[in-house]
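The values are calculated or read from the model by the stated rules, or taken from the named source; none is laboratory data. The model shown is predicted, which means the values in this text are computed figures rather than measured ones. With ideal geometry, Cβ positions are generated from the backbone for all residues, glycine too; neighbour counts draw on all protein chains shown.
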Amino acid sequence: MSAASEHRLRRICLALPEAIEKETWEIPTFRVRDKIFAMHTSDGERPALLCKAPPGSQAILVGADADRFFVPPYVGHKGWIGVHLDRRVKWSEIAALVVRSYRMTAPKRLWPESAVDGIGKPLTPQID
């Protein structure tokens with residue numbers, strides 16, 4: 001797995017309220033209130049993010065770009081998506097996917113007010 005992609009993903013995940021990192025299955029998992037919202041793993045030799053996605057998103061993303069997105073083992077049947085982190089990585093897109101997964105997992109009272117700007121557009125954690 002790529003240490004650089006793991007470091008960038010960690011910074012995004014841990015910027016969210018009450019997010020913690022816990023190693024499970026020998027990989028870093030990111031949780032809120034002990035519920036996993038993201039994982040850094042590998043798909044073969046390629047580093048990858050696994051995260052929750054709304055119903056229908058998995059098919060749309062994998063169908064649009066199967067080289068970047070994939071149906072992950074074990075959690076794919078629950079609608080999770082996998083995103084390869086070894087080429088053409090748009091970290092702002094990764095941050096948006098992580099925030100969406102976090103919001104699907106965390107209690108609403110934990111959602112930061114800054115997660116949505118004045119016109120309802122999702123904001124993402126600092127990723128520079």
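Quick look at the values:
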| item | result |
| --- | --- |
| Lone qualifier among Glu23, Glu45, Glu18 - being in contact (Cβ under 8 Å) with a residue 12 or more places away in the chain and among the acidic types (Asp, Glu) | Glu18 |
| Residues satisfying the stated conditions in region 40-86, i.e. out of contact with any Phe, Trp or Tyr (no Cβ under 6 Å at 6 or more places or on another chain) and small (Gly, Ala, Ser) | Ser42, Gly44, Ala48, Ala53, Gly56, Ser57, Ala59, Gly63, Ala64, Ala66, Gly76, Gly79 |
| Selection count, region 10-53, where residues are β-branched (Val, Ile, Thr) and touching a Leu at 6+ places or on another chain (Cβ under 8 Å) | 3 |
| Which numbered condition Arg109 fails, given (1) among the basic types (Lys, Arg); (2) under 16 Å from the mean Cα position of the chain (by Cα); (3) surrounded by fewer than 16 Cβ atoms within 10 Å (Cβ to Cβ); (4) over 27 Å from Gly44 (Cβ atoms) | (2) |
| Scope region 1-50; condition within 16 Å of Tyr74 (Cα to Cα) and either among the aliphatic types (A, V, I, L, M) or touching a Pro at 6+ places or on another chain (Cβ under 7 Å) (or both); matching residues | Ile27, Ile36, Ala38, Met39, His40, Ala48, Leu49, Leu50 |
| Test result for Asp86, in contact with a Ser or Thr (Cβ under 9 Å, 6 or more places away or on another chain), touching a residue at least 12 places away in the same chain (Cβ under 8 Å) and of a type in the set (Asp, Glu) | yes |
| Within region 34-91, strands (runs of 3 or more DSSP E) holding 1 or more residues that are among the β-branched types (Val, Ile, Thr) and buried (at least 16 other Cβ atoms within 10 Å of the Cβ) | 35-43, 81-84 |
| Single condition Ile27 does not satisfy, out of (1) over 13 Å from the mean Cα position of the chain (by Cα); (2) among the hydrophobic types (A, V, I, L, M, F, W, C); (3) over 20 Å from Ala4 (Cα atoms) | (3) |
| Pairs, first at pLDDT below 95 in region 94-109, second aromatic (Phe, Trp, Tyr) and surrounded by fewer than 22 Cβ atoms within 10 Å (Cβ to Cβ), C-beta under 8 Å, six or more apart | Arg103/Trp111 |
| Residues (β-branched (Val, Ile, Thr), assigned to a strand (DSSP E or B) and closer than 20 Å to Arg46 by Cα) located in region 1-28 | Thr24, Ile27 |
